[in-house]
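Note sheet for the following structure.
Here, each number is a calculation from the coordinates, and none is a lab measurement. None of the values given here were measured: they were computed from a predicted structure. Methodologically, a virtual Cβ is constructed for each residue, glycine included, from the backbone with ideal geometry; neighbour enumeration extends over all protein chains shown.
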Amino acid sequence: MTGQTEKEMTQALKAKFEELFGPLDGVESGRIYFAPGRVNLIGEHTDYNGGHVFPVAITIGTYAVARTRNDRKLRFYSMNFPDAGVVETSLDELAEGAQGSWTDYPKGVIYTFINHGFDVDLGLDMVVYGNIPAGSGLSSSASLEVLTGFILRDIFDFDVDYITLALIGQDSENNYNGMNCGIMDQFAVAMGRPGQAIFLDTNDLSYEYVPVKLDGAKLIIANTNKKHKLTDSAYNDRRRECEQALIELQSAVGPVLPSGHIFDQLGDLTREEFEQYKDSIKEPVIRRRAKHAVYENQRTIEAVRVLKAGDIERFGELMKEAHISVSQDYEVTGPELDTLAEEAWKIPGCLGSRMTGGGFGGCTVSIVKDEAIPEFIEKVGAAYKEKIGWEADFYIVEIGGGPRVVEAI
Ligand code: GLA
């Protein structure tokens, strides 16, 4: 994180835009936009299995100044990647696909809008500045995708709702950037609300806002500072493993469960149904992947129920169970995330802790009682440094809203 306030960031952004692309006053003025990052509280690797997730949008995210041009050129600059310089392309060159640059995210979204039939007929100048640590698993890419969609919606006056912005972001990430993510990140970014988590059923996109009332405790993010890139990681492999498990289960069960429910995703199974049919999955590794998908979905449903009932302690226990499941059955953690979670569990004032996001690096999220926060940061931080060899970073999570226009310039 930059540690700068919104005002400082947007002033720096405006100054950079004017330096690169000329003054912002006048009729053809640009605007400043923001889209948040996200933290998932529970329900990991369930969103591509038709299961439930429970993320929040956070107050850190991505800012941009954007202005239309009167030709078809696109010019991008990121204050987070100054070495990339001004990247220039045009609406007619988008079909060339991802080029391995940060600009693949905004380009992918513009391309996807056009593919969905939106008439993007003028180019853009856009300068971006974010305060989500890159590679932290807090969805800096979904933030940039939804931000770009929100900018297009605003500038071209497109009639597109926020769920569609999320779906276009996901489409672009899947098909332009080659990362087969589910819908959770873009949905959380597009639909976030201050103080509330989103209980989303990824099977049909039905959702409910749930207030996060932690009664004398706070959500703390701990960043492993291990850089990861999900396309390079085993994320897409996990998706394939779940698909294989589903095929094997379906060949044993058929398309309809004895309960009468349609069976077309792992998220359709209860724990009991899984236990009954799991032996039809031949390879033990694939069986463990499927077990995580089924149990994590049921755990998420329970977690939301207990949170609504005010039982934060039980919610915390479920977070711990969720971490053990992604660590042992799904195997997407690694020593850095495991150390942060295991050291967190040892602190008496920590009610729960687990990795959040795709895994393989990135962050944990913990619920820590107010009075225990200094001890938590000190002890978990020291043990992490000792075992892993470099520092972790800690931030208090503030649950924020979705995309917005920050200020008309
Ligand atoms: C990444 C993906 C999401 C989701 C999580 C794991 O963040 O982008 O769609 O699958 O991993 O829960």
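What's the ranking of 130-138, 399-407, 92-100 by average number of surrounding C-beta atoms within 10 Å, highest first? Can you show the working numbers first?
On the way: 130-138: 22.8, 399-407: 18.1, 92-100: 12.4.
Averaged packing, sorted descending, gives the order 130-138, 399-407, 92-100.
Just list whichever of LYS7/LYS369; LYS218/LYS291; LYS291/LYS320; LYS16/LYS227; LYS16/LYS73; LYS226/LYS320 have alpha carbons separated by over 24 Å in the model shown.
From the list (LYS7/LYS369; LYS218/LYS291; LYS291/LYS320; LYS16/LYS227; LYS16/LYS73; LYS226/LYS320), the Cα-Cα distance tops 24 Å for LYS7/LYS369; LYS218/LYS291; LYS16/LYS227.
Under a model in which nothing but the beta-carbon of Lys, Arg (+1) and Asp, Glu (-1) is charged, the range 92-250 shows a dipole of about 920 debye around its Cα centre. Using only the Cα atoms of the range 1-78, build the gyration tensor, take square roots of its eigenvalues as a ≥ b ≥ c, and label the shape rounded, prolate or oblate: rounded if a/c is under 1.5, else prolate if a/b is larger than b/c, else oblate. Taking the square roots of the gyration eigenvalues as a ≥ b ≥ c, the range 1-78 is prolate.
Evaluate the relative contact order of the chain (contact order divided by residue number), counting alpha-carbon pairs under 8 angstrom at least 6 apart; express in whole percent. Can you show the working numbers first?
Working: 843 pairs, mean separation 95.0, N = 409.
Here the relative contact order equals 23 percent.
When a/c reaches 1.5 or more, the comparison of a/b and b/c decides; with that in mind, is the range 351-409 rounded, prolate or oblate per its Cα gyration tensor? Taking the square roots of the gyration eigenvalues as a ≥ b ≥ c, the range 351-409 is prolate.
Using a simple charge model, +1 on the beta-carbon of Lys and Arg, -1 on the beta-carbon of Asp and Glu, nothing else, what dipole does the chain show about its Cα centre, in debye to the nearest 20? Please list the in-between numbers first.
Numbers: 40 positive and 63 negative charges, 115 e Å.
Charge dipole of the chain: 560 debye, to the nearest 20.
With neighbour counts taken as other beta-carbon atoms within 10 Å, the residues PHE315, PHE118 rank, fewest first, as PHE118, PHE315. Based on Cα contacts under 8 Å between residues 6+ apart, the range 343-404 shows a relative contact order of 26 percent.
For a distance above 18 Å, tell me the whole-number percent of Cα pairs in the range 272-409 that qualify. Please list the in-between numbers first.
Values: 5886 of 9453 pairs.
Result for the distance tail: 62 percent.
Relative contact order of the range 31-179, taken over Cα pairs closer than 8 Å and 6 or more residues apart, is 28 percent.
If we count other beta carbons within 10 Å of each Cβ, what is the order of LEU147, LEU351, fewest first?
Details: LEU147 30, LEU351 23.
In increasing order of surrounding Cβ atoms, one gets LEU351, LEU147.
Compared with the dominant Cα axis of the chain, that is its longest principal axis, helix 140-156 is turned about 40°.
Relative to the longest principal axis of the Cα atoms of the chain, the long axis of helix 284-308 makes an angle of roughly 80 degrees.
If each DSSP helix of 4+ residues adds -39,500 (n - 2.57) and the sum is divided by the residues in the chain, what number results at 222 nm, nearest 500 deg cm²/dmol? Display every interim value, and only then the final one.
Working: 11 runs with 158 residues, N = 409.
-12500 deg cm²/dmol, from helical runs alone.
By the count of other C-beta atoms within 10 Å, a proxy for reagent exposure, LYS385, LYS369 are ordered fewest to most as LYS385, LYS369. Taking Cα atoms only, the orientation of helix 312-324 departs from the longest principal axis of the chain by about 90 degrees.
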